[in-house]
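See structure below.
The values are calculated or read from the model by the stated rules, or taken from the named source; none is laboratory data. On a predicted model such as this, the values are computed, not experimentally measured, just so you know. Note: ideal-geometry Cβ built from the backbone for every residue, glycine included; neighbour counts use all protein chains shown. What goes into the accessible areas is simple: the full protein's heavy atoms, side chains included, and nothing from ligands, DNA or RNA. Shrake-Rupley method; radii C 1.70, N 1.55, O 1.52, S 1.80 Å.
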Amino acid sequence: MAKATRPPLNWLALFKESGVAALIALGLSIVMFGLRTVDQQGGLGVQTRWSWVVFAVVSVFIGRLVLAIYRETRQPPHTPSGTQDSEQNRFAEFVRKISKVVAPLLIIFAIALPFLPFSSRYIIDVATLVLTYIMLGWGLNIVVGLAGLLDLGYVAFYAVGAYSYALLAYYFDFSFWICLPLAGIFAATFGIILGFPVLRLRGDYLAIVTLGFGEIIRVVLINWYTFTGGPDGLSSIPRPSFFGLPFSRRVPEDSETFHTFFGLDYSSMHRIIFLYFLILALALITNFFTLRMRKLPLGRAWEALREDETACRSLGINPTNTKLSAFAIGAGFAGFAGSFFATRQGFISPESFTFIESAVILAIVVLGGMGSQLGVVIASILLIGGTELFRGLEEFRMITFGGLMVAVMVWKPRGLLAHRDPTLRLHAPSHTPESHKSNT
Amino acid sequence: MEYFIQQLINGVTLGSIYGLIAIGYTMVYGIIGMINFAHGDVFMIGAFISLIMFLVLGLIGITWIPFAILLVLIVTMILTSVYGWTVERLAYRPLRKSFRLAPLISAIGMSIFLQNYVQLLQGARVKPIQPIVEGGITLIQSDTFVVTISYLQIIIVLATFLLMSIFAYIISSTSLGRSQRACEQDQLMASLLGINVDRTISLTFVMGAALAAVASVLFVLYYGVIDFYIGFHAGIKAFTAAVLGGIGSLPGAMLGGLLIGLIETFWSAYFSIEYKDVAAFSILVLVLIFRPTGLLGKPEIEKV
């Protein structure tokens, strides 16, 4: 369409539209922006800040006007149906090619990181934190990305893993290497116990039940004071050893420590670097496991189930058992990560396992692109590493998180790196009005 | 026995508030089949708006209490509805045709956003307010225990039932209600028959937010203490109530709300107050296992 043939802008309509938007902004901001509650003698007082309201209303008006002018003056998008889909496929193809190169490079970089000249204790600490979230993201990816089960209580299994290590070490004096698999098994068992009754339900109910379960675990941890230490948490959790060699400065009688065994000078960095490699290995195991699972019949069944449950049932796949396996495996990896968390921190309390933590892990999976392993890595680096960079803006962290989750969903509902293996479809999606309601 | 009656009164009051919030969940779920996760936070915003309005009215010097409550109620309903509408417009409408989990995730993001938005704007501290409606009626006076019902409790229960009847009327007998029910059955067909589906869905959100606003005013009057986190727990409880009663069913939401309120109150009264949330969630799990459609819900027909 040539530019000359377009009718002139209807300024009246544009101003009316922006005016309505500004009016709504006024409604939103007049109390929340304009009046601030402040503590003062004898109760609450109210401060006014009308300038904020004016600013909000004016900026919404101008923003809406600019948007509307932009919308009216640019070429109308004329994409034949299906183009977007094939574009997405081309993009996915591109990502797959890139990730073949990028993934090994990233792994090499991760292994080399502690020995690079610029690395410091701070950088390795941040990298360990990022890797913990990458591992949790990969674990949750099995549940959400592959099997399509929305789990809002993933942190509960993380908590189960952390507490089982701490409690086993406290009551039975087990070492980290015995507790690590046990913690995973415990968490997976919890997953099965919880999943068995609820996985037969529709997906949305599952989300709420897992959310409730996460809260229950937290409430129990807080209130069962004699066993879990309640809100005080558990401290002096034993640190891991290098296959039996402890990382301590003092050398105990008739035994060796890490630095004497290898003939090194003692350095507190040894343990930091060891923990870094430990979580790197755990995360890579999770990734490798997931990649292999996707090629097995069970993994294929997960993805098929995500796409269409009814079709799966007609093909003889047992939906409950298939979902249960994904749920339990995801929970198990959270258990591993949890026991790593406990040994790294040396202290755990219910404070570390709130709903926000679940939401952060979910945000990593969702923003990265559900089902995409590389997406999880990128999202973790951006979200966790990024918030480390902006430590000074701590109070804006969660609001940005929430806003990002909404923005990414609206802009790219499949995440930044969308990856869907079954790209062969009989008919293009998003033409059925029922699609958002379908019982997958 | 007196203790039991007193707890019954308290439970019904709490249940009424839950029921009002639960209606918002159940209406939205009925019409677009999504859990509006941010609904609890819309309730929380309503609570903040009403608290601020009460403070402002106190400063201006409007002291005739019935008028003050009515004024706060109206202002809160309008402003909270604007929030409900905006949330739908920004976070859910663009995802109408997207895959099923997308709006739910967007709703979770919205919930986190709203919580922190309020925390940043109004501060993280707990906000107390002086009791506004005081006094009550003594029902039974024995030697050991006095059963009272406060005027506030009467107001809460009456307001809830009044609003319930109004909304039941809107859904069953107005053209808006008819379009809502039509959209619930088949959005495509409804749009072919000349129903503005987007507008109907928006109005559903507005109605849900308005009821949550009423609940929030009653909450502020009843408890007198709020913070930016109340929406999370109230939201989960109300959603549990909606599921318990049968999601999509309006009387079910009210019934579920009353049951959850009673369960929570009696559990705190007779067992332990720490585990009252556990009790509510356990009920939810049990209901979902044995009666997934809830008490008054219709069985769902799966279509290919």
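Could you give the semi-axes, largest first, of the ellipsoid that matches the protein assembly as shown, computed as the square roots of 5 times the alpha carbon gyration tensor eigenvalues and rounded to whole Å?
Each semi-axis is √(5λ); the values are 43, 34, 27 Å.
Based on the Cβ-Cβ distance from A:I193 to A:F243, what FRET efficiency comes out when R0 is 30 Å, to the nearest 0.05?
0.35
Please compute the Kirkwood hydrodynamic radius over region B:135-214, one decimal place, Å, based on all pairs of different Cα atoms.
Hydrodynamic radius (Kirkwood, Cα only) of region B:135-214 equals 15.4 Å.
Select from region A:10-59 all residues whose loss of accessible area on going from the chain by itself to the full protein assembly reaches 20 Å² or more (probe 1.4 Å).
A:I24, A:G27, A:L28, A:V31, A:M32, A:F33, A:L35, A:R36, A:T37, A:D39, A:L44, A:V46
So, with +1 on the Cβ of K and R and -1 on the Cβ of D and E, and no other charges, what is the size of the charge dipole of region B:1-129 about its Cα centre, to the nearest 20 debye?
Here the size comes out at about 480 debye.
Note down the magnitude of the dipole of the protein assembly as shown about its Cα centre, charges +1 on Lys and Arg C-beta and -1 on Asp and Glu C-beta and zero elsewhere, to the nearest 20 debye.
The calculated dipole for the protein assembly as shown is roughly 2320 debye.
With every protein chain kept in place and ligands, DNA and RNA left out, what is the accessible area per residue of the protein assembly as shown? Probe 1.4 Å, answer in Å².
46 Å²
Lys/Arg Cβ at +1, Asp/Glu Cβ at -1, dipole of the protein assembly as shown taken about the Cα centre: which of A:A283, A:N10, A:I237 is farthest positive-ward?
A:N10
For chain B, which whole percent of the accessible surface, found with a 1.4 angstrom probe, sits on carbon and sulfur atoms?
68 percent
Can you run phi through the Karplus equation (6.51, -1.76, 1.60; θ = phi - 60°) for region B:160-168 and list ³J(HN,Hα) in whole Hz, with x for Gly and Pro?
Along region B:160-168, the couplings run 4, 6, 4, 5, 4, 5, 4, 6, 4 Hz.
Any idea what angle helix B:65-87 forms with the longest principal axis of chain B, computed on alpha-carbon atoms, 0 to 90 degrees, nearest 10?
On a 0 to 90 degree scale, this one is about 30.
Could you size up the charge dipole of region B:2-290 around its Cα centre, putting +1 on the beta carbon of Lys and Arg and -1 on that of Asp and Glu, and report it in debye to the nearest 20?
So the dipole magnitude of region B:2-290 works out to roughly 860 debye.
Which of B:T63, B:S175, B:A124 sits closest to the plus end of the dipole of chain B, meaning its Cα is farthest towards the positive end, when Lys and Arg get +1 and Asp and Glu get -1 on the C-beta?
Farthest towards the positive end: B:S175.
How many nm is it between the label spots at A:R200 and A:I356, if each spot is 7 Å from the Cα in line with the beta carbon?
For the pair A:R200/A:I356, the computed spacing is 3.8 nm.
For region B:143-233, what is the relative contact order in percent, using Cα pairs closer than 8 Å and at least 6 residues apart in sequence?
24 percent
For the pair A:L296 and A:A103, what calculated FRET efficiency results from E = 1/(1 + (r/R0)^6), where r is the Cβ-Cβ distance and R0 = 22 Å, to the nearest 0.05?
0.60
Can you tell me the equivalent ellipsoid semi-axes for region B:2-290? Use √(5λ) from the Cα gyration tensor, largest first, whole Å.
Semi-axes, largest first: 31, 22, 19 Å.
Compute the accessible area of each residue in region B:20-47 twice, once for its chain alone and once with every protein chain present, using a 1.4 Å probe on heavy atoms, and list those whose area falls by at least 20 Å².
Buried by 20 Å² or more upon assembly, which counts only protein chains, are B:Y29, B:I32, B:G33, B:I35, B:F37.
Looking at this model, which pairs from B:K127/B:K276; A:K412/B:K276; A:K295/B:K237; B:K97/B:K127; A:K412/B:K127 are more than 32 angstrom apart at the alpha-carbon?
A:K412/B:K276; A:K295/B:K237; B:K97/B:K127; A:K412/B:K127
Which ³J(HN,Hα) values, rounded to whole Hz and listed in residue order, are derived for region A:12-23 from phi using the Karplus coefficients 6.51, -1.76 and 1.60 in 6.51 cos²θ - 1.76 cosθ + 1.60 with θ = phi - 60°, glycine and proline given as x?
4, 5, 5, 5, 5, 4, 5, x, 4, 4, 5, 4
If you take the accessible area of A alone plus B alone and subtract the pair, what total do you get in square angstrom, rounded to 100, with a 1.4 Å probe?
Roughly 6600 Å² of accessible surface disappears when A and B pair.
Please check region A:399-414 for residues whose accessible area, probe 1.4 Å, is lower by 40 Å² or more when all protein chains are in place than in their chain alone.
Going by heavy-atom accessible area, the residues of region A:399-414 that drop by at least 40 Å² are A:I399, A:M405, A:V406, A:M409, A:V410, A:P413, A:R414.
Over the Cα atoms, compute the radius of gyration (one decimal) and Dmax (the largest Cα-Cα distance, rounded to a whole number) for region B:158-294, in Å.
Rg and Dmax of region B:158-294, Cα atoms, are 17.1, 55 Å.
Determine the gain in length on full extension of the stretch B:V146-B:N196; use 0.36 nm per residue of separation and subtract their C-alpha separation, reporting nm with one decimal.
Difference between extended and current length: 12.5 nm.
For the protein assembly as shown, what is the calculated [θ] at 222 nm in deg cm²/dmol (nearest 500), taking -39500 (n - 2.57) for each run of four or more DSSP H residues and dividing by its residue count?
Roughly -22500 deg cm²/dmol at 222 nm, from the helical runs in the protein assembly as shown.
Contour minus end-to-end for A:V66 and A:I185, with contour as 0.36 nm per residue of separation and end-to-end as the Cα-Cα distance?
Going from the current span to full extension adds 37.2 nm.
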